[in-house]
1. Looking at (1) out of contact with any strand residue (DSSP E or B) (no Cβ under 8 Å at 6 or more places or on another chain); (2) closer than 20 Å to A:Y95 by Cβ; (3) of a type outside the set (K, R), which one does A:A148 not meet, given that it meets all the others?
2. Using the structure shown, decide if A:Y130 is part of a loop (DSSP other than H, G, I, E, B), among the hydroxyl-bearing types (S, T, Y) and without any contact (Cβ under 8 Å) to a residue 60 or more places away in the chain.
3. Tally time: how many residues in the range A:200-248 are hydrophobic (A, V, I, L, M, F, W, C), touching a helix residue (DSSP H, G or I) at 6+ places or on another chain (Cβ under 7 Å) and assigned to a loop (DSSP other than H, G, I, E, B)?
4. Condition first: part of a helix (DSSP H, G or I), farther than 12 Å from A:V406 by Cα and touching a residue at least 40 places away in the same chain (Cβ under 8 Å). Now tell me which residues in the range A:430-439 satisfy that.
5. Just one of (1) at negative phi; (2) at pLDDT below 95; (3) of a type outside the set (F, W, Y); (4) more than 12 Å from RNA strand B (Cβ to nearest atom) trips up A:L470, so point out which.
6. If only one of A:N199, A:N215 is under 27 Å from the mean Cα position of the chain (by Cα), modelled with pLDDT under 95, surrounded by 16 or more Cβ atoms within 10 Å (Cβ to Cβ) and of a type outside the set (D, E), which one is it?
7. Is it the case that A:I473 is touching a residue at least 60 places away in the same chain (Cβ under 8 Å) and within 16 Å of A:D414 (Cα to Cα)?
8. Residues in the range A:304-325 that are buried (at least 18 other Cβ atoms within 10 Å of the Cβ) and modelled with pLDDT of 95 or more: how many?
Amino acid sequence: MKIRTRYAPSPTGRMHVGNLRTALYAYLIAKHEGGDFILRIEDTDQVRQVEGAVEIINRTLEETRLIPDESPDKDGGVGPYVQSERVAAGIYTKYAKELIEKGEAYYCFCTPERLASLTQTIEGKEINVYDKHCLHLSKEEVEKNLAAGKPYVIRQNNPQEGTTTFTDELYGDVTVENKELDDMILIKSDGYPTYNFANVVDDHLMGITHVIRGNEYISSTPKYNRLYEAFGWEIPKYIHCPLITDEEHHKLSKRSGHSSYEDLIEQGFVSEAVVNFIALLGWSPDSDREIFSLEELVEQFDYHRMGRSPSVFDYTKLRWMNGEYLKAMDPDVFFAQAEPWLRKAISKDLDLRKISEMVRTRIEIWPDIPDMVSFFEELPDYDAELFRHKKMKTNPETALTVLQEVLPVLEAQDSWTNEDLFAALKAFIAEKGYKNGYVLWPVRIAVSGKSVTPAGATEILEILGKEESLSRIRRSIDKLS
RNA sequence: GGCUCGUUGGUCAAGGGGUUAAGACGCUGCCCUCUCACGGCAGAAUCAUGGGUUCGAUUCCCGUACGAGCUGCCA
């Protein structure tokens, strides 16, 4: 049978990396077996809706290339794919009533006040367990309340005896006492279903074979199984993904600063690196490879190799991986993306294409660029102590001498290319009997004003051009004199 | 509080009754080198804890600790 998985986000904002990984795994599990990946929008919470959130979801899936086979925009015959539209079609009420007839659910007319009176506070936490009060209402009372237009919810009727077990593909059998199962609300008083009900109905109606979702649903899965059984529906395979935490081992929060996909992109990471990185958070291949394209992940992904324990989102390693992607990127693509960042620091008419390649192996994320190349725009006000370098045996005094000696050589130089400049300086060095660094270090400092640059002395001279280079050397000589 | 899940270096992790307990990030050192980076090489660093079971447990079982999730008319 063809595998069908789904990603079912609520449109409440940006896509958290944990959610993105769930989407990725759902996509990979389906695609690895040639199955279908479905997008369903779970907008049953009218209050938490965020304007534009569906667009964010669509854009994120597009950028990460997790393209659904079926979605609100691509009907595969089991739609609608937006839960609010399914509410309008009366889908959930129909099934809820079926459960009521079977005695697996019941109307509840309890007021918020009565519910509040049931709340008890244990260790600072509010615990609310429903007491099945309305289960005992007679048919007549229910009819009367309904006729009177009293607000109601529909609750699942869970037994007090026995146990319920479900099987997770990763965690194995999980068993809970039925008395731990509260009578969760299936249909809210506004007529919308809760996630707890809608996910079961929709997964069944949409033919979902593998339910991939976060770990936080493990505790409620027994209740979902009871629903499937009450309906006589086939139970899907469950794959619960371990969560992703911050460095403090807490659930990723907005405060971590890198909690959503869009945050990461804004911080200068590339989409492919983010996808690659999160794929490895909770899953490992059977080789020690770490760099995978999406296509390679599809081929390699075996959910049996997923882990069960939470993983820390290691920002540092993501940076490294992003750097690997930048190094492997096609030069034209790299330049196209690097150019705006180069422009932030450079307004002069310099060879940005060359600078782009200089910077390539030295950055991990785009925002690393401006600081690294700003000296090309303008010679910074630097400390003469930069000329002091133990290994090169240089200091401000030797630098002054060398710069004075080298200036006429450069003034006489016609061909201003890296190769020719380097050859000219080598010749000068040989003639004087100096060491390379004894000359090249001061020259580089003199034209860049920085101890660390993304290129060697002659490469910088080439970019700067003869006039600017000589001007900078003269200014540095003045500074040292 | 109750229930459920988890615990291999700082981090991602492989492995799994007998191993020198892979690999990667980071870190340190060396090499390369017109600085840095890239690349190459090397190194330090790990099986939470207490009991079992066993000839032998990091691996299996139980407890403990710690962490997390759920306990919403959120998902």
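The values are calculated or read from the model by the stated rules, or taken from the named source; none is laboratory data. Note that the structure is a prediction, hence the values are computed from the model and not measured. Here the Cβ is made from the backbone with ideal geometry for all residues, glycine too, and neighbour counts use every protein chain on show.
1. Going through (1) out of contact with any strand residue (DSSP E or B) (no Cβ under 8 Å at 6 or more places or on another chain); (2) closer than 20 Å to A:Y95 by Cβ; (3) of a type outside the set (K, R) one by one, A:A148 breaks only (2).
2. Spelling it out, A:Y130 is indeed part of a loop (DSSP other than H, G, I, E, B), among the hydroxyl-bearing types (S, T, Y) and without any contact (Cβ under 8 Å) to a residue 60 or more places away in the chain.
3. Qualifying residue count for the region: 3.
4. Correct list: A:G437 only.
5. The number of the failed condition is (2).
6. Selected residue: A:N215, the only one of A:N199, A:N215 that is under 27 Å from the mean Cα position of the chain (by Cα), modelled with pLDDT under 95, surrounded by 16 or more Cβ atoms within 10 Å (Cβ to Cβ) and of a type outside the set (D, E).
7. No: the conditions fail for A:I473.
8. Of the residues in the range A:304-325, 7 are buried (at least 18 other Cβ atoms within 10 Å of the Cβ) and modelled with pLDDT of 95 or more.
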